[in-house]
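Okay, structure first, notes after.
Every read-out reported here was derived from the displayed coordinates using simple, explicitly stated rules and does not represent laboratory data. Note that the structure is predicted; figures quoted are calculated from it, not measured. Cβ coordinates were reconstructed from backbone atoms using ideal geometry, including for glycine residues, and neighbour counts include every protein chain displayed.
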Amino acid sequence: MIKKFSLSTHSRSELIDISSQVEDIVKEARVEEGTCQVFVPHTTAGILINEGADPSVRRDILNQLDKIIPWSGDYQHREGNSPAHIKASLVGSSETIFVEKGQLVLGTWQSIYFCEFDGPRHRQVIVKIE
Ligand code: ZN
């Protein structure tokens, strides 16, 4: 089963917890055991799994990415958003999570994040359960 959902981002860089949306799709799929793939069809956004309990982890990830890949620099891409393309390349555009007993197998502290690197924009997430 493939399902899509959309979301709106509100700042230039942002990590948005989409775990509950993905869990809802897993429940709807009624798959007892399998895999769940989460993919973003964008070149300046990504998918990341990391700590969901302490929001400062999200801020630290974004702040350090900004230090490693600053907005001003010797970039050739004329659209002016090369740092967003580079961050999206590092983070990656998909994650695969196992499904067991009809539920996502995530660690206690893990959440699934949609990563916005060139917002605010209207975005899509594609989820496949099999
Ligand atoms: Zn671009």
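Here is how the numbers come out for the structure above:
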{"item": "Rh (Kirkwood; distinct C-alpha pairs) - region 2-129, Å", "result": "15.2 Å"}
{"item": "Sum of -39500 (n - 2.57) over DSSP H runs of 4+, divided by residues of the chain (222 nm, nearest 500)", "result": "-8500 deg cm²/dmol"}
{"item": "Per DSSP, loop GluC sites (Glu not before Pro) in region 21-104 with at most 14 further Cβ within 10 Å", "result": "Glu32, Glu79"}
{"item": "FRET efficiency, Glu130 to Ala53 (Cβ-Cβ, R0 41 Å, nearest 0.05)", "result": "0.90"}
{"item": "Net length gained if the chain between Ile2 and Thr43 were fully extended (0.36 nm per residue, minus Cα distance)", "result": "12.7 nm"}
{"item": "Mean separation of Cα contacts under 8 Å (6+ apart) over length of the chain, as relative contact order %", "result": "56 percent"}
{"item": "Nearest-ten-degree value, helix 55-68 long axis tilted from longest Cα axis of the chain", "result": "40 degrees"}
